[in-house]
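The values are calculated or read from the model by the stated rules, or taken from the named source; none is laboratory data. Only a predicted model underlies this, so the values are computations on that prediction, with no experimental measurement involved. Backbone-built Cβ (ideal geometry, glycine too); neighbour counts: all protein chains shown. SASA here: full protein model, heavy atoms, side chains in, ligands and nucleic acids out. Shrake-Rupley method; radii C 1.70, N 1.55, O 1.52, S 1.80 Å.
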Amino acid sequence: MTRSAGGGAAPKGRSRRNFAGARPVMDDVAQLAGVSKQTVSRVLNDNPAVRAETRESVLEAMRSLGYRPSRSARSLASGRTRMLGVISFDAARYGPASTLTAINTAAQDAGYLVSSIALDTADRNTVVRAVDRLSAEGADGVIAIAPQRRVGRALAEAHLDIPLVVMDNALGDDTPMVTADSRGGARLATEHLLGLGHRTVRHIAGPTGWTSAERRAASWRETLEKAGAEVPEPLVGDWSADAGYELGRRLARDPDVTAVFASNDQMALGALRAFHEAGRRVPDDVSVVGYDDIPEAAHLLPPLTTIRTDFQEIGTRSLRLLLARIDGREETGADLGAVVSVIPAHLIVRRSTGPAPA
């Protein structure tokens, strides 16, 4: 006969570990439900092979005992840690920060924790160390926010042996990539300004080596060439408002400049200040378009015309693709099963753009 903690007989269907004040464990649930511990594990992991009546019996036992499965119990039952890794670069910028927030929210909804590593440099050794750390922590999969080409090369050389989803950087194999449509967004911005009668469009580009900056600059150039417009040399910035201001001062000294497309909103913001200080009115003398649609864009003077990037969708879709790979399946719908998943860009017209001056 099984004895209780107080020396008496334990009630039928109760484990010897389920004494007063003790936290119930999986064995207690199995004994009360009259099933094996493996069956409890299958219920915890939503295994479709468990019969409906058995599942309900186990769930009722959990409710009766007040059982709350620990993360370690779920990990042992499934062979997974239910932890995901995220590697990000330049995480303080609006785009990466917004994407990381979306990933965290989607992961939490799916019952996963996220371990994030923000990199200050994009050299190969730093990237490989980050991959090794996440692997050592037992991450079930990794999302890499990899905006620079050398980060992509380092990831390809890291030979990660768990599922990987990459943003903005194709690795040249079947690794899923999620990216915003930078080429389409730049085309919309340039066509908008040309459609307002401007003879050409000057470009404040993002830094060399950043895939989004290179795609936007290439699309801006192609759009001008297709329209038969002059293609001036782009001015290269570093994504900061300071860079936009300094480059904007150079553009403000040229009376022929009537339209400017900046590769992000922060550089556009700096350019707006430079034009204001030079006495160049926006949009009467110069029209300005930014990129990303940061929350402050609608509150600038004048409100900024920009290209909206759906960072929420980028983060959420990356998470869904990673979970699909972890589960050994392919997502369907909205091209989620594709190796490259492109999120459309949208033109948001505000008062920083207008007809070309006569």
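Brief remarks on what is shown
- For residue 210, the solvent-accessible surface with a 1.4 Å probe is about 20 Å², rounded to the nearest 10.
- Take region 27-67 with all the other protein chains still there, run a 1.4 Å probe, and you get 55 Å² of accessible area per residue.
- Net charge, residue 126 excluded, C-beta distance under 12 Å - Lys, Arg +1, Asp, Glu -1: +1
- Amide N proximity, region 113-136 versus residue 92 label position 7 Å along Cα-to-Cβ, cut-off under 17 Å: 117-122
- Efficiency of FRET between residue 256 and residue 296 - r from beta-carbon atoms, R0 41 angstrom, step 0.05: 0.85
- Nearest-ten-degree value, helix 52-65 long axis tilted from longest Cα axis of the chain: 80 degrees
- Here the chain carries DSSP beta bridges of which approximately 15% are antiparallel, counting only pairs with both residues inside.
- Listed residues 238, 310, 123, most fluctuating in the chain (Gaussian network, C-alpha, under 10 Å): 123
- Residue 53-residue 124 FRET efficiency (beta carbon distance; Förster radius 56 Å; 0.05 resolution): 0.50
- Residues within the reach of a label modelled at residue 132 (point 7 angstrom out along Cα to beta-carbon, backbone nitrogen below 19 Å), restricted to region 82-114, are 85-88.
- Solvent accessible area, Å² - residue 177, 1.4 Å probe, full protein context: 10 Å²
- Dipole of region 83-175, positive end: most advanced residue of 167, 92, 117 [Cβ charges, Cα centre]: 92
- Between region 190-220 and region 110-127, the Cα center-to-center distance that results, in Å: 30 Å
- This model, with +1 at the C-beta of Lys and Arg and -1 at the C-beta of Asp and Glu, gives the chain a dipole about its Cα centre of some 1600 debye.
- A simple spin-label model places the labels of residue 339 and residue 38 3.9 nm from each other, with each point 7 Å out along Cα-to-Cβ.
- Calculated [θ] (222 nm, deg cm²/dmol) that DSSP helices of n ≥ 4 give over the chain, each run adding -39,500 (n - 2.57): -13000 deg cm²/dmol
- GNM top mover of 328, 185, 237 - the chain, alpha-carbon springs below 10 Å: 328
- Net length available on complete extension from residue 278 to residue 64 is 69.6 nm, with 0.36 nm assigned per residue and the Cα-Cα distance removed.
- Farthest positive-ward along the chain dipole, Cα basis, beta-carbon charges - from 213, 266, 312: 312
- Answer label for Cα extents along the principal axes in Å (calculated), chosen among (i) 72, 53, 43; (ii) 99, 40, 34; (iii) 76, 51, 32: (ii)
- Per-atom-type breakdown for the chain gives carbon and sulfur 49% of the accessible area (1.4 Å probe, protein chains only).
- With all protein chains modelled, accessible area of residue 353 [1.4 Å, Å²]: 20 Å²
- Electrostatic tally near residue 169: other residues with Cβ closer than 11 Å to its Cβ, Lys and Arg +1, Asp and Glu -1, net +2.
- Charge dipole (the chain, unit charges on Cβ, about Cα centre) - positive-most of 240, 297, 30: 30
- A cut-off of 5 Å between modelled amide H atoms, ignoring neighbours fewer than 5 places along the same chain, links residue 81 with 140.
- Label-to-label distance, residue 101 versus residue 23, with points set 7 angstrom from Cα along the beta-carbon direction: 3.3 nm.
- Hypothetical label at residue 346: residues of region 287-306 whose amide nitrogen lies under 15 Å (7 Å Cα-Cβ projection): 292-295, 298, 306
- Cα-based shape type of region 182-310, given that a ≥ b ≥ c are square roots of the gyration tensor eigenvalues and the cut on a/c is 1.5: rounded
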